[in-house]
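Structure first, commentary second.
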């Protein structure tokens, strides 16, 4: 989601900076467009970095019956892996 948001911000900033030839007295559209393009690039790069650092968790459930008492036994193990840690 953040990658798409970064692209949208960058495109809106580029349109404000390069495609519009409108002069408004109370706002500088070229400055706003430049700020939006910078923010879009930053959000895009952060989205790429966070996507690469995504963690994955695997939960394993082992169920059995105790032969002495007849009770059900369940063991649950969760392993969290980080994609950066794997070779």
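Cβ separations smaller than 8 Å between residues 6+ apart or across chains give the following pairs from the range 55-70 residues that are more than 30 Å from residue 81 (Cβ to Cβ) to residues that are part of a loop (DSSP other than H, G, I, E, B) and modelled with pLDDT of 75 or more: 65/71.
Among residues of the range 1-56 being part of a loop (DSSP other than H, G, I, E, B) and touching a helix residue (DSSP H, G or I) at 6+ places or on another chain (Cβ under 7 Å), the one that is surrounded by the most Cβ atoms within 10 Å (Cβ to Cβ) is 20.
Do the conditions hold for residue 46, that is, is it touching a residue at least 40 places away in the same chain (Cβ under 8 Å), under 14 Å from the mean Cα position of the chain (by Cα) and under 30 Å from residue 12 (Cα atoms)? Considered against the rule, which asks whether it is touching a residue at least 40 places away in the same chain (Cβ under 8 Å), under 14 Å from the mean Cα position of the chain (by Cα) and under 30 Å from residue 12 (Cα atoms), residue 46 comes out as yes.
The values are calculated or read from the model by the stated rules, or taken from the named source; none is laboratory data. Keep in mind it's a predicted model, so treat the numbers as computed, not measured. Methodologically, a virtual Cβ is constructed for each residue, glycine included, from the backbone with ideal geometry; neighbour enumeration extends over all protein chains shown.
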